[in-house]
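The values are calculated or read from the model by the stated rules, or taken from the named source; none is laboratory data. Source: prediction; values computed, not measured. Please note: Cβ atoms are built from the backbone with ideal geometry, for glycine as well, and neighbour counts cover all protein chains shown.
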Amino acid sequence: MKLMLIINRLFVYSESEKKYFDAEFSEGLNIISGRNTSGKSTLFLAINYTFGINDFNTQLKAILNFKPVFRLDCTMKIGATTQSLILIREDDTLLVEQGDLPVKRFNGINANHSAEHVKLKEYFHTLFDFHLDLETQNEYKAAPIEVIFLPYFISQKVGWVYMRKSFSSLDFFRNFKNDYLDYYLGIENNTEREKRKKIELQLKAISEEIRFLERAETTNEDFQISKLSDEEYSKHSTDYIQVYSEQLMELTALENEYVLKCNELGFLIERLSVLRKVSRNHKLQDPEIGDCPVCKQSLPHPVSATYKHLQEENDTNTEIARYRAKIKDVQGLINSLNKKIKEKKQIIEDAYRIVSRYTNTEHSFESWLNNKANLKLSENVSKNIGDLVLQQNRLKEELKNYKTAEEVEQIRKQKNYEFEKIFVQYRTDLETVDELDENRFTKLYDITAFPSDGVELHKTIMAYHFAFNKLIKSTENIHRLPFMLDAIFKEDIEAYNKTVILKFIAKNKPDDTQTILSIAEKSDHEKVVNEYNATYFNNQGKVILIGGGVNVKSFLTDYKGQEDRYLKETLGYILNN
């Protein structure tokens, strides 16, 4: 069944700077407002960041320098059932609590290709029932987390100029546009994929056969058994068993080291939790504000006591930073050891099977003759490689020139027609004046860019995103996320076109998901967002002001204990998991 995600609350807190951000969202329309550069885009980027997306870390640098904790409270709806989802990110660590399940911890996710980030990607693929694989370096790999959010996020920076560009580096994948559109429109590209996969499987089989022939002297079991049985290879038999014994000893050493590192990781996490508690309690022991625990009178605070207090606070913060780095390093070593153990076990399993078969072989003239035949075959295997290489080259050329199946193309044409019908109507609603009468500007699979600019381009791109979102809504079993539109008045739009855009959004915003959009206030004395909400959205939108609608660069504001209980709960997740 189709999964729908609702964002309930975003909370950001910097303990070092004593600053925070807190916003609760409605299930329907949410309007983010504030002065230009106040931090509206930061809100959208913070949501993506909390889901483990690192694409905007540079844009968030000013905020990330404060070492904040990000928390998202969400609700997932699948049919008539609901489930909570809490995500807490602190630097390169992400904690996820899904319903009543144990909290999952991912350490070291700042690098997209790290083992922990790959684990996180696999987790979100399962969570959202997302099954898109993309081609890179002649193989298919699970799509990045960004692709899960791509149809539902239009960034201020490039989202209103280019399609599928709100996240960077996705063009790195071969045939990305078609695979992406096919998936979200529910097109089962069976014929094309089956034929292409058939060729790929043939290529893989030939490549494996070539490698087998090249390494047959050391990897083929029958060849190995023949050598172990033949009188000319008695020394080889002894050497084989010796190597087997050494591999087993190496495996034992790796497993021992793995257990030690797991124990070390548990100790480091517990130690970090203690340090965090020490840090918070230590702040209450400042000589300048401390009271006698009996009479509650202020205590004298000589300079030496203040100096000692500050020195201990600095030492604690240094220890916290050091243990965070250690946790990341130890987690990396654990992942590396786990991989080595799996590889070593496979090597030993293969070696044992060969030795076992040799041990249980019944010697006879027939077996001796078969062994001799295997030995002869072992000496001549390279003669077959030439033909296999020629066949491999032919298949590569065939794969390169492969065309899309006709029946799949017909389905795409139907989707093109459905999209064009909606797209043209939406452009009419937005009162665009540029004529787009060529297929490359109206057919979904043909569109790469539009010839318009300025306000016309902005409205055309808006029509595109709303039309694509509507098509996705009709696709079965595709996850639905909040439709996030950053800066709906990105261009220098005059009052009349603002009215047109607001009427369009009010009429065509998705009715099955949240909508989160941002609007810039014109000045500190002329706030219009409440007027927009009343006039165009019947006051049904939840207005969230950044910086009170007045201040700039004000995403984070001073924390004065407004949400102590919620903050304590948030930090409790970090301390105890």
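List of remarks:
- Residue 24 being more than 19 Å from the chain's Cα centre (by Cα) and modelled with pLDDT under 95: no
- All of 185, 268 fail the test of being crowded, with 17+ Cβ neighbours inside 10 Å, at pLDDT 80 or above, within 18 Å of residue 132 (Cβ to Cβ) and touching a Lys or Arg at 6+ places or on another chain (Cβ under 6 Å), apart from 185.
- Odd one out for residue 564 among (1) more than 30 Å from residue 97 (Cβ to Cβ); (2) surrounded by fewer than 19 Cβ atoms within 10 Å (Cβ to Cβ); (3) of a type in the set (Asp, Glu): (1)
- Verdict on residue 58 being without any contact (Cβ under 8 Å) to a residue 60 or more places away in the chain and outside any strand (DSSP E or B): yes
- Test: residue in region 472-489 that is surrounded by 15 or more Cβ atoms within 10 Å (Cβ to Cβ) and at positive phi: yes
- Test: residue in region 354-367 that is hydrophobic (A, V, I, L, M, F, W, C) and either surrounded by fewer than 11 Cβ atoms within 10 Å (Cβ to Cβ) or at pLDDT 65 or above (or both): yes
- Filtered residue count, region 142-179, keeping only those that are crowded, with 21+ Cβ neighbours inside 10 Å, in a loop (DSSP other than H, G, I, E, B) and among the hydroxyl-bearing types (Ser, Thr, Tyr): 2
- The set of residues from region 504-531 being within 20 Å of residue 463 (Cβ to Cβ), surrounded by 15 or more Cβ atoms within 10 Å (Cβ to Cβ) and not hydrophobic (A, V, I, L, M, F, W, C) comprises 508, 509, 510, 513, 515, 518.
Yes/no per residue for (1) at pLDDT below 90; (2) closer than 25 Å to residue 457 by Cα:
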| residue | (1), (2) |
| --- | --- |
| 122 | no, no |
| 129 | no, no |
| 133 | yes, no |
| 146 | no, yes |
| 151 | no, yes |
| 161 | no, yes |
| 167 | no, yes |
| 181 | no, yes |
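- Meets criteria (under 15 Å from the mean Cα position of the chain (by Cα) and at pLDDT 95 or above) for residue 69: no
- Residue 441 more than 19 Å from residue 164 (Cα to Cα), of a type outside the set (Ser, Thr, Tyr) and surrounded by 19 or more Cβ atoms within 10 Å (Cβ to Cβ): no
- Residue match in region 529-537 (condition: of a type in the set (D, E, K, R) and closer than 22 Å to residue 34 by Cα): yes
- One residue stands out among those in region 66-92 that are without any contact (Cβ under 8 Å) to a residue 24 or more places away in the chain and among the hydroxyl-bearing types (Ser, Thr, Tyr): the one that is farthest from residue 106 (Cα to Cα), which is 81.
- Evaluation of residue 91 against (1) under 22 Å from residue 63 (Cβ atoms); (2) surrounded by 19 or more Cβ atoms within 10 Å (Cβ to Cβ) (one fails), failing number: (2)
- Residues in region 539-566 that are out of contact with any strand residue (DSSP E or B) (no Cβ under 6 Å at 6 or more places or on another chain) and among the hydrophobic types (A, V, I, L, M, F, W, C): 550, 552.
- Qualifying residues in region 421-435 (those that are buried (at least 19 other Cβ atoms within 10 Å of the Cβ) and of a type outside the set (Val, Ile, Thr)) - the one farthest from residue 474 (Cα to Cα): 430
- Per-region count, region 202-219, residues of a type outside the set (D, E, K, R) and at pLDDT below 80: 5
- Scanning region 94-126 for residues that are buried (at least 20 other Cβ atoms within 10 Å of the Cβ), more than 9 Å from the chain's Cα centre (by Cα) and farther than 17 Å from residue 265 by Cα yields a single hit, 96.
- Sole exception among (1) free of Cβ contacts under 8 Å to residues at least 12 places away in the same chain; (2) under 26 Å from residue 325 (Cα atoms) for residue 16, by number: (1)
- Evaluation of residue 117 against (1) touching a His at 6+ places or on another chain (Cβ under 9 Å); (2) in contact (Cβ under 8 Å) with a residue 24 or more places away in the chain (one fails), failing number: (1)
- Only one entry in 439, 393 is of a type in the set (S, T, N, Q), within 30 Å of residue 139 (Cβ to Cβ) and free of Cβ contacts under 8 Å to residues at least 40 places away in the same chain, namely 393.
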